[in-house]
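The values are calculated or read from the model by the stated rules, or taken from the named source; none is laboratory data. Model, not experiment: these values are computed from the prediction. Virtual Cβ from ideal backbone geometry, glycine too; neighbours counted across all protein chains shown. Side chains are part of the model used for accessible areas, which takes the heavy atoms of the whole protein and leaves out ligands, DNA and RNA. Shrake-Rupley method; radii C 1.70, N 1.55, O 1.52, S 1.80 Å.
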Amino acid sequence: MTDLTYRLPQKRHLVTPLPGPRSQELTTRRRATVAAGVGSSVPVYTADADGGVIVDVDGNSLIDLGSGIAVTSVGASNSAVAEAVREQVGHFTHTCFMVTPYEGYVRVAEELAALTPGDHEKRTVLFNSGAEAVENAVKVARLATGRNAVVAFDHAYHGRTNLTMALTAKNMPYKHNFGPFAPEIYRMPMSYPFRDADGLTGEQAAQRTISQIEKQIGGDAVAAIIIEPIQGEGGFIVPARGFLPTLQAWANENGVVFIADEVQTGFARTGDWFACNDEDIVPDIITMAKGIAGGMPLAAITGRADLLDKVHAGGLGGTYGGNPVACAAAVATLEEMRAHDMPARARHIGDLATTALQTLADEVDVIGDIRGRGGMLAIELVRPGTTEPDPELTKKVAAQCLAEGVIILTCGTYGNVIRLLPPLVIDDDLLTDGLDVLAAAIRSAAQA
Ligand code: PLZ
């Protein structure tokens, strides 16, 4: 992108095999002190990061196709964000908005009211993590409706706290032996075009879900439906068109709060400000985090004023929620996103990557599906000529990419999805180099 400048050279450059000796040393120190339950998919320790590169402690420059799981969309050291953070920490790092408030929080709420879908009156609450936003969206929906049941979906991911574990579908590694889980969560079928029966439309898939909700719970007992408009950890599953609008219409008719979890899809990632924009979905409440603040921990719920304002004074909050440094970073991040038209940049990345992946799919028989939108793309790897997931091949491809200096994340209920979430500021040459490495890794793994 011509209007962006970078602090670090935007080049893949390896000076040691990966992980290098200093990373290995840190891994040894870490094993002695960091709990084993915390994983790292890439055992390479970061020293610096900018634009589309991560430089490790051994001096290797890697291509980042993960953005720290869809967070550093404007880059991991965006100069405008860094400056806003510096400016804010020079004044105050914290006061607690529940004690002595400050303008940054109000400013972020104003921004989110303007940016999120729908022109109805909205209210916002700020938190620290995506899971916390999801928890609070459910709290608001239950209080506002006086109902208990919450509908979540197959392949869903909503977090690791007790309520959000219950909402998350996948047992390993997120839930295994961590129960008992929060009650009154009901799991319903998702629209998953690659794995649904041929020809099942979005509307039909939604009817299948709605009929199960009505039979198993009853529409008048449901407080909320929570859904990722494109599922993230579950495999970048894009529901068939018509699925989301049909569900939303049913929710509206039944007084059910429709919560869109846009923690991963939000903030220009999919080529729109939000994935909901694509089918003009106007959620009652939207949950946000990740890309909102250029890497600083910030999360939010924005929703209908009549729902949010039902909550009694003092009912929502938290010590750090809407921390002033994170708010300053968010304001700068959103300005950067507008100034450089990040939604357009995401669409451009999507076009470039889809063309490359499509060419590859014509050559090899292990790519079952290419899907996603904008800067959120995935390929589902299968055993040749079938739809049978191939998680081993997926691991091999990710390992090969890493060995070549390209950071690739995997995901999916079956562990067979390679996902691309590059920083939206990545330059075309670097992205092309990363995609070439990925293509070569898939070619060689498919032949082996
Ligand atoms: N909702 C849609 O994608 C976080 C989690 C990775 P937190 N996704 C990455 C991991 O293994 O922990 C996520 C999400 C959606 C909620 C969350 C939770 O956001 O900020 O991680 O709490």
* **Phi-based couplings in Hz for the stretch 59-74 (Karplus 6.51, -1.76, 1.60; Gly and Pro marked x)** => x, 7, 10, 9, 7, 9, 9, x, 6, x, 6, 6, 9, 8, 4, 8
* To do: Could you work out the equivalent-ellipsoid semi-axes for the stretch 9-129, taking the square root of 5 times each eigenvalue of the Cα gyration tensor, largest first, in whole Å?
  => 36, 19, 15
* Kirkwood hydrodynamic radius (Cα pairs, Å) of the stretch 82-339? -> 18.6 Å
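Keeping every protein chain in place, order Tyr157, Tyr320 by accessible area at 1.4 Å, biggest value first, i.e. largest first.
Of Tyr157, Tyr320, the descending order of accessible area is Tyr320, Tyr157.
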* Choice from Thr413, Thr28, Thr265 with maximal GNM fluctuation in the chain (Cα, 10 Å cutoff) -> Thr28
* Asked: Counting only protein chains, not ligands or nucleic acids, how are Phe181, Phe258 ordered by accessible area (probe 1.4 Å), most first?
  -> Phe181, Phe258
* Asked: What are the principal axis extents of the Cα atoms in the chain, in Å, biggest first?
  -> 60, 59, 46
* Structure fact -> Ranking Ala332, Val282, Gly314 by how far each Cα lies towards the positive end of the charge dipole of the chain (+1 on Lys and Arg Cβ, -1 on Asp and Glu Cβ), the top one is Gly314
* To do: Please work out the average accessible area per residue across the stretch 1-118, using the 1.4 Å probe convention, and give it in Å².
  => 55 Å²
* Structure fact -> Per DSSP, the loop-located GluC sites (Glu not before Pro) within the stretch 99-155 having at most 14 other beta carbons within 10 Å are Glu121
* Structure fact -> Treating only Lys and Arg (+1) and Asp and Glu (-1) as charged, each at its beta carbon, one finds that the stretch 82-339 has a dipole about its Cα centre, in Debye to the nearest 20, of 780 debye
* To do: Can you give me the three principal axis dimensions of the stretch 240-292 from its C-alpha atoms, in Å, biggest first?
  => 32, 20, 13
* To do: Would you calculate a helix-derived [θ] at 222 nm for the chain, using -39,500 (n - 2.57) for each DSSP H run of n ≥ 4 and dividing by the full residue count, to the nearest 500?
  => -11500 deg cm²/dmol
* Asked: Excluding ligands, DNA and RNA, what is the solvent-accessible area per residue of the stretch 341-448 at a probe of 1.4 Å, expressed in Å²?
  -> 37 Å²
* Structure fact -> Given a 1.4 Å probe, the accessible area of the stretch 286-331 per residue, as a whole number of Å², is 31 Å²
* Can you tell me the dipole magnitude for the chain around its Cα centre, using point charges on the Cβ only (Lys, Arg +1; Asp, Glu -1), in Debye to the nearest 20? => 1340 debye
* **Under the Karplus curve 6.51 cos²θ - 1.76 cosθ + 1.60, θ = phi - 60°, whole-Hz ³J(HN,Hα) for the stretch 356-369, x wherever Gly or Pro sits** => 4, 5, 5, 4, 5, 4, 6, 8, 10, 10, 9, 8, x, 7
* For the stretch 270-350, run through the GluC sites (Glu not before Pro) and keep only the ones in DSSP coil with at most 11 other Cβ atoms within 10 Å of their Cβ. => none
* To do: Could you check how much of the accessible area of the stretch 82-339 is carbon and sulfur, as a whole percent, using a 1.4 Å probe?
  => 51 percent
* Asked: Dividing the alpha-carbon radius of gyration of the stretch 348-448 by 2.2 N^0.38 Å (N being the number of residues), what value is obtained?
  -> 0.97
